[in-house]
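J.: Could you have a look at this structure, given as structure tokens, before my questions?
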Amino acid sequence: MSMIVFRYLHFLGITFWIGTAVAVAVAASAPTPWESGIAQALRKVTLRVTTPAMLFAFAGGFGMLIPDFSETYAKQGWMHAKLALLLVLAGATGVLTGKLRKWAEGQEVSAKTFGRLAWVISILAVLIVTLAVLRPF
Ligand code: HEM
């Protein structure tokens, strides 16, 4: 597959991954009764959009990374930092989907947890895009 296709997948994936993860976390941070069905609706968004979009972002990213890794990216500090932060971002997305699953099953999850996750995901996304575009080191 050509690089442009991987790039295209990368950006589409990032857009819907981060966009829906932050939107879902903000919506879930509002104190809402479980019976309203909002927990189940938000969980559907994470299953149908956020997780597949994350996989597209990864497929596109690795499609660009692997062919040029030893020649280019292995020597670039910004890419190492980006990869480390991405692991944290993917972990935070996993925490979000896990907490939503618990809430959608009727277990107690604090609204504050979702508010914090919205901040963590947003800040990580800003740091990663800054590293990828400015390549400061
Ligand atoms: C498994 C995950 C990821 C991998 C393996 C990966 C890898 C890559 C690679 C190899 C490039 C091409 C760099 C170049 O043009 O030389 C790239 C570009 C880019 N990535 Fe990622 N990436 C990942 C996730 C992310 C995430 C989560 C974000 C944003 C939150 C992101 C933002 C960007 C941006 C903005 C660019 C374009 C940089 C530019 O052309 O100026 N990436 N990525």
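Rule-based calculations on the coordinates, nothing more; no lab input. Note that the structure is predicted; figures quoted are calculated from it, not measured. All Cβ positions, even for glycine, are placed from backbone atoms using ideal geometry, and neighbour counts span all protein chains on display.
J.: On a 0 to 90 degree scale, rounded to 10, what angle separates helix 111-134 from the longest Cα axis of the chain?
T.: 10 degrees
J.: Hey, got the dipole for the chain? About the Cα centre, +1 on K and R Cβ, -1 on D and E Cβ, debye to the nearest 20?
T.: Approximately 100 debye in magnitude.
J.: Using Cβ counts within 10 Å as a stand-in for footprinting exposure, how do His10, His80 rank, fewest first?
T.: Fewest-to-most ranking of His10, His80: His80, His10.
J.: A follow-up question, please. For the range 34-81, compute Rh as the Kirkwood radius over C-alpha pairs and then the Stokes-Einstein diffusion coefficient at 4 °C and 1.567 mPa s; write the answer in µm²/s, rounded to an integer. Don't jump to the answer; show the numbers that get you there.
T.: Values: Rh = 13.2 Å.
Diffusion coefficient, whole number: 98 µm²/s.
J.: To continue, here is another question. Taking the number of other C-beta atoms within 10 Å as the exposure measure, put Phe16, Phe114 in order starting with the fewest.
T.: In order of increasing Cβ crowding within 10 Å: Phe16, Phe114.
J.: Let me ask something additional. Positive end of the charge dipole of the range 3-134 (Lys, Arg +1 and Asp, Glu -1 on Cβ, about the Cα centre): tell me which of Trp17, Met3, Val109 has its Cα farthest that way.
T.: Result: Val109.
J.: Using Cα centres only, tell me the gap between the range 36-114 and the range 1-19 in whole Å.
T.: Answer, in whole Å: 14.
J.: Here is a further query. To the nearest 10 degrees, how steep is helix 77-104 against the longest Cα principal axis of the chain, on a 0 to 90 scale?
T.: 20 degrees
J.: Given N residues in the range 1-57, what is its alpha carbon radius of gyration divided by 2.2 N^0.38 Å?
T.: Against the empirical 2.2 N^0.38 Å value, I get 1.37 for the range 1-57.
J.: In Å and whole numbers, how far do the C-alpha atoms of the chain stretch along each principal axis, longest first?
T.: The Cα atoms of the chain stretch 54, 29, 18 Å along the principal axes, largest first.
J.: Which order do Ile14, Ile4 fall in if you start with the one that has the fewest other Cβ atoms within 10 Å?
T.: With the sparsest Cβ surroundings first, the list reads Ile4, Ile14.
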